[in-house]
Amino acid sequence: MQISREGTAPKPLFGLDAAGLAEVMATAGEPAWRSRQLAEAMYRQRLTELDAITTFPKALRDKLSGEGFSIARPRIAQVFKSVDGTERYLVETSRGDTVETVWMPEGDGGEAGDGSEAGEAGPDSKSRSWDRATICVSSQVGCAVNCQFCLTAKLGLQRNLTAGEIAGQVISVLDRHTVELGRDRINLVFMGMGEPFLNYESFMGAVKLLVEETGLSSQRMTVSTSGIVPGIERFAQEPDAVRPKLAISLNAPNDEVRSEIMPVNRKWPIEAVVDAVRQVRLRPRERVTFEYVLLGGVTDRPQDAREVARLVRRTGLAAKVNLIAWNPGPGIPYQMPREGAVESFKNALAAEGITAYLRRPRGRDIYAACGQLKRTVEG
Ligand code: SAH
Ligand code: SF4
C-alpha cells in the first residue's frame with residue numbers, strides 16, 4: 001500500500017457518492033457545496049489531481065492532499081487498437097491489477113437494437129471518425145460463473161470491483177476520447193469481464209454515480225446477466241432513473257443444453273430466470289434482450305431456432321433476441337457457427353415472429369469481442 005508524504009494511508013475520494021463526499025467535507029470543516037464541486041471535478045470534468053480543482057482555494061487543495069486524500073481513478077495502462085476502430089484497454093486499479101474495458105465507436109449493432117451498420121461520420125465530427133460509441137464495462141476481475149464457452153471463465157473469480165473501479169473505467173474512456181456528453185451519444189454495456197449481479201452493490205453504485213454525478217442516462221445502459229435470479233429480483237426494484245435495460249444470456253433453446261454450457265442453469269433454470277425477469281416493470285417501448293451465442297453444431301441448428309422462438313413467445317415478455325456468433329478462444333472446445341448459420345437463425349426467428357439482431361463481432365483481432373476478455377496482453 002502506498003504511503004503519502006505525511007505517512008497517512010491514502011484516502012481515495014473517487015468512487016464516493018454525494019453522501020460520502022459530503023461526509024468527508026463535513027469532517028474537514030468545509031461547507032456542503034464544496035462536496036458538490038468535488039463531485040463535479042471527478043465525475044464531470046474528469047480531473048485526477050486535487051491540485052487541478054480550480055474551484056477550490058489553494059489552501060483547501062493543499063490541506064486535502066496533506067491529509068492523504070486523492071482523486072486518482074483507475075487509469076488506462078495499455079491500449080490495443082483493432083482495424084475496425086474498436087479499442088481494448090487494460091485499466092489498472094489502485095491495487096495494481098487490471099481489468100478490461102472496450103470502446104466501440106458507432107456501437108456494435110446489437111445494443112442499439114436497430115442492427116445498423118457503422119455509417120459515415122456525422123456532419124459535425126470533422127476531427128473524429130465516430131459520432132456515437134458504446135463502452136463495454138467490466139464488473140469483476142475474472143468470473144465465477146464458469147460458462148463453458150467463455151474465456152473470462154478461465155480466470156475464475158479474482159475479486160469484485162468497487163463502484164469506483166467500475167465507474168472509473170467509464171470516466172477514463174470518456175476522457176481519452178474527449179467525449180462531450182451533451183453532444184455525443186454514448187451507450188454503456190455492462191458486458192465485460194464478470195457477472196454484474198454477483199457484485200450487485202458495486203455495480204449499482206457505479207450506475208448511480210454515472211447517472212447522478214456524470215449525467216449519463218440509464219436508458220442508454222444495458223446490463224447483461226447469466227441469469228442470477230436474486231440479482232434480477234433486486235434489480236426489478238430499482239427506480240427507472242437508475243435502472244439500465246436488461247439483457248439475459250439465454251444461449252440455449254432448453255434447460256438441457258443450457259445446463260451443459262452454463263452450469264449456473266442447474267441452480268436457476270430458464271423458467272426461474274424468466275419469472276424473475278417478469279418482475280421488472282419495463283418502460284414504454286422497452287424490451288428485454290435475450291442474448292444468444294451460436295456455438296457451431298451445438299446451438300446453431302434450424303431446430304434450435306424454432307425452439308428458441310417458441311421459448312421466447314412462451315415467456316410473454318416484450319423481448320428481442322441478440323444473436324452473437326461464438327468468438328473463439330484458446331483452449332475452449334467449441335466451434336464457430338458455419339458460414340450463413342447466424343443469418344439463417346435470424347431468419348428462422350423472424351419467420352416465427354421474433355425480432356432478432358445480429359451483433360457484429362468487434363475487435364476480434366485484439367481479443368476485444370464478447371467472451372474474449374481475459375487480460376490478454378499480446379495485442
Ligand atoms: N457475465 C455477464 C456479462 C458478460 S458476458 C453475462 O454472461 O451475461 C457478455 C455476453 O458475452 C454474454 O451474453 C455471453 O453469453 C457472451 N459470451 C461469452 N463468451 C462468448 C464468446 N466466446 N463468444 C461470443 N459471446 C460470448
Ligand atoms: Fe461469466 Fe458472463 Fe463469461 Fe459466463 S459468459 S463466465 S457469466 S463473464
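Taking every residue in the stretch 357-379 that is more than 13 Å from ligand 1 (Cβ to nearest atom) and at pLDDT below 75 and pairing it with any residue that is among the hydroxyl-bearing types (Ser, Thr, Tyr) and not in a loop (DSSP other than H, G, I, E, B), at least 6 positions away or on another chain, the pairs with Cβ-Cβ distances below 8 Å are Arg375/Thr98.
Scan the stretch 264-283 and give yes if some residue there is in contact with a Pro (Cβ under 9 Å, 6 or more places away or on another chain) and closer than 22 Å to Gln219 by Cα, otherwise no. Yes, some residue in the stretch 264-283 is in contact with a Pro (Cβ under 9 Å, 6 or more places away or on another chain) and closer than 22 Å to Gln219 by Cα.
Ala305 meets the conditions (1) in contact with a Lys or Arg (Cβ under 7 Å, 6 or more places away or on another chain); (2) more than 14 Å from ligand 1 (Cβ to nearest atom) in every case but one. The failed one is (1).
Restricting to the stretch 213-239, count the residues that are of a type in the set (Gly, Ala, Ser) and part of a strand (DSSP E or B).
The number of residues fulfilling the criteria is 1.
Within the stretch 246-259, residues that are of a type outside the set (Val, Ile, Thr) sit with their Cβ atoms under 6 Å from residues that are crowded, with 22+ Cβ neighbours inside 10 Å and assigned to a helix (DSSP H, G or I), at 6+ positions apart or across chains, in these pairs: Ala252/Arg258; Pro253/Val308; Arg258/Asn265; Ser259/Asn265.
Residues that are in a loop (DSSP other than H, G, I, E, B) and more than 16 Å from ligand 2 (Cβ to nearest atom) do not occur anywhere in the stretch 199-206. Taking the listed residues Gly329, Gly316, the one that is at pLDDT 85 or above, within 16 Å of ligand 2 (Cβ to nearest atom) and out of contact with any Phe, Trp or Tyr (no Cβ under 7 Å at 6 or more places or on another chain) is Gly329, with no other qualifying. Would you confirm whether or not the stretch 274-296 contains a residue that is without any contact (Cβ under 8 Å) to a residue 24 or more places away in the chain and within 16 Å of ligand 2 (Cβ to nearest atom)? No, there is no match, as no residue in the stretch 274-296 is without any contact (Cβ under 8 Å) to a residue 24 or more places away in the chain and within 16 Å of ligand 2 (Cβ to nearest atom). Among the listed residues Thr289, Thr299, identify the single one that is β-branched (Val, Ile, Thr), in a strand (DSSP E or B) and touching a strand residue (DSSP E or B) at 6+ places or on another chain (Cβ under 9 Å). Exactly one of Thr289, Thr299 is β-branched (Val, Ile, Thr), in a strand (DSSP E or B) and touching a strand residue (DSSP E or B) at 6+ places or on another chain (Cβ under 9 Å), namely Thr289.
Sort out which residues of the stretch 309-338 are under 26 Å from Pro284 (Cβ atoms) and either outside any loop (DSSP other than H, G, I, E, B) or within 11 Å of ligand 1 (Cβ to nearest atom) (or both), and write them in order of number.
Correct list: Ala309, Leu311, Val312, Arg313, Arg314, Thr315, Ala319, Lys320, Val321, Asn322, Leu323.
On the stretch given as the stretch 156-169, residues that are within 15 Å of ligand 2 (Cβ to nearest atom) and within 13 Å of Lys208 (Cα to Cα) total 1. Quick check: anything in the stretch 346-362 away from ligand 2 (no atom under 16 Å from the Cβ), within 17 Å of Val257 (Cβ to Cβ) and over 21 Å from the mean Cα position of the chain (by Cα)? Checked the stretch 346-362: at least one residue is away from ligand 2 (no atom under 16 Å from the Cβ), within 17 Å of Val257 (Cβ to Cβ) and over 21 Å from the mean Cα position of the chain (by Cα). Does Gly227 qualify as being within 11 Å of ligand 1 (Cβ to nearest atom), farther than 15 Å from Ile135 by Cα and among the small types (Gly, Ala, Ser)? So Gly227 passes the test. Would you confirm whether or not the stretch 214-224 contains a residue that is touching a Gly at 6+ places or on another chain (Cβ under 8 Å) and crowded, with 16+ Cβ neighbours inside 10 Å? No: zero hits. Restricting the stretch 229-258 to residues that are over 15 Å from the mean Cα position of the chain (by Cα) and of a type in the set (A, V, I, L, M), the residue that is surrounded by the most Cβ atoms within 10 Å (Cβ to Cβ) is Leu250.
Among the numbered conditions (1) under 26 Å from Ala319 (Cα atoms); (2) within 16 Å of ligand 2 (Cβ to nearest atom), the only one that Ser217 does not meet is (2). Scan the stretch 168-190 and give yes if some residue there is of a type in the set (Ser, Thr, Tyr), away from ligand 1 (no atom under 11 Å from the Cβ) and assigned to a loop (DSSP other than H, G, I, E, B), otherwise no. Looking for residues that are of a type in the set (Ser, Thr, Tyr), away from ligand 1 (no atom under 11 Å from the Cβ) and assigned to a loop (DSSP other than H, G, I, E, B), one finds at least one in the stretch 168-190, hence yes. Just to verify a result, which residue in the stretch 139-155, among those that are part of a helix (DSSP H, G or I) and near ligand 2 (Cβ under 8 Å from one of its atoms), is surrounded by the most Cβ atoms within 10 Å (Cβ to Cβ)? Per the stated criteria, the residue is Thr152.
If you check Leu282, Leu246, Leu210 for being at pLDDT 95 or above and assigned to a loop (DSSP other than H, G, I, E, B), only one passes: Leu282.
One line per residue, one yes/no per condition, for (1) out of contact with any strand residue (DSSP E or B) (no Cβ under 9 Å at 6 or more places or on another chain); (2) under 30 Å from Lys154 (Cα atoms); (3) surrounded by 16 or more Cβ atoms within 10 Å (Cβ to Cβ):
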site: Asp304; (1), (2), (3): no, yes, yes
site: Ala318; (1), (2), (3): no, no, no
site: Leu349; (1), (2), (3): no, no, yes
site: Leu358; (1), (2), (3): no, yes, yes
site: Pro361; (1), (2), (3): no, yes, yes
site: Ala368; (1), (2), (3): no, yes, yes
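The values are calculated or read from the model by the stated rules, or taken from the named source; none is laboratory data. These numbers come from a predicted model, not from an experiment. Note that each Cβ is placed from the backbone with ideal geometry, even for glycine, and that neighbours are counted across all protein chains shown.
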